[in-house]
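Data block below; observations after.
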Amino acid sequence: MKRRGFTLVETLVVIAVILILMGILLPVLLRARGKAQQATCISNLMQLGKAMQMWQMDNEGERSTLNLPVDLVPYVSSSKLWRCPLDPAAAGAPDTNPPYTSYVFPSPFRFGRNLPAFARDRDPWHQNGFNVLWPDGSVKWSATAPF
């Protein structure tokens with residue numbers, strides 16, 4: 001007896017196994033995507049911190065207030081640095097001057113003041129928390145907004 005192809009039962013078993021594997025892997029892949037977007041946001045904040053340090057070095061001795069984000073535009077190479085990948089408003093925001101930013105800065109921003117932090121996410125997009133740029137240049141996740 002010659003056999004041609006698969007039976008209906010065999011086909012249904014294969015489909016069921018594939019669906020079970022997809023059900024297991026999909027949440028893991030979505031979490032990995034969220035972590036990758038959070039890593040991009042952390043990188044953006046670190047680069048904005050470097051831009052702040054360069055502005056401070058260029059304006060040493062001048063006690064003027066840093067006008068954010070306008071004063072940092074010459075120090076930032078891409079408008080994408082101003083936007084968190086999880087910010088829903090950032091996707092449709094046009095490139096303008098001053099740029100649309102997903103981040104909040106203390107106002108008025110003046111170096112030398114005892115600032116709790118230099119910048120943070122506008123909303124808690126990352127696991128119900130904020131990525132925060134600290135004065136030492138590090139970026140860490142925080143459950144509460146420091147300012």
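The values are calculated or read from the model by the stated rules, or taken from the named source; none is laboratory data. What you see is a predicted model, and the numbers here were worked out from it, not measured in a lab. Positions of Cβ are generated from backbone atoms using ideal geometry, with glycine treated the same way; all protein chains shown enter the neighbour counts.
In summary, Gly61 fulfils each of the numbered conditions (1) surrounded by 16 or more Cβ atoms within 10 Å (Cβ to Cβ); (2) at pLDDT below 85 with the single exception of condition (1).
For the stretch 65-80, the condition holds for at least one residue, the condition being that it is of a type in the set (Ser, Thr, Tyr), in contact with a strand residue (DSSP E or B) (Cβ under 8 Å, 6 or more places away or on another chain), farther than 21 Å from Ala39 by Cα and not in a strand (DSSP E or B). A search for C-beta distances below 6 Å between a residue of the stretch 80-107 that is without any contact (Cβ under 8 Å) to a residue 24 or more places away in the chain and any residue that is in a loop (DSSP other than H, G, I, E, B) and aromatic (Phe, Trp, Tyr), counting only pairs 6+ apart in sequence or on different chains, returns Ala93/Tyr100. Say we look at the stretch 1-25 and pick out the residues that are of a type outside the set (A, V, I, L, M) and not in a helix (DSSP H, G or I); which of these is surrounded by the most Cβ atoms within 10 Å (Cβ to Cβ)? Only one residue fits best here, namely Phe6. Of everything in the stretch 83-115 that is outside any loop (DSSP other than H, G, I, E, B) and under 17 Å from the mean Cα position of the chain (by Cα), the residue that is nearest to Gln38 (Cα to Cα) is Tyr103. Of everything in the stretch 116-137, what is closer than 17 Å to Met52 by Cα, in contact (Cβ under 8 Å) with a residue 24 or more places away in the chain and part of a loop (DSSP other than H, G, I, E, B)? Give them in sequence order. Correct list: Pro116, Ala117, Phe118, Gly137.
Any idea which residue in the stretch 138-147 is surrounded by the fewest Cβ atoms within 10 Å (Cβ to Cβ), counting only those that are outside any loop (DSSP other than H, G, I, E, B) and of a type outside the set (Phe, Trp, Tyr)? Walk me through it before giving the result.
Taking the stretch 138-147 first, the residues outside any loop (DSSP other than H, G, I, E, B) are 139-142.
Still in the running and of a type outside the set (Phe, Trp, Tyr): 139-140, 142.
Numbers: Val139: 21, Lys140: 13, Ser142: 16.
Per the criteria, the residue is Lys140.
Taken over the stretch 67-98, residues that are buried (at least 17 other Cβ atoms within 10 Å of the Cβ) and modelled with pLDDT under 80 amount to 0.
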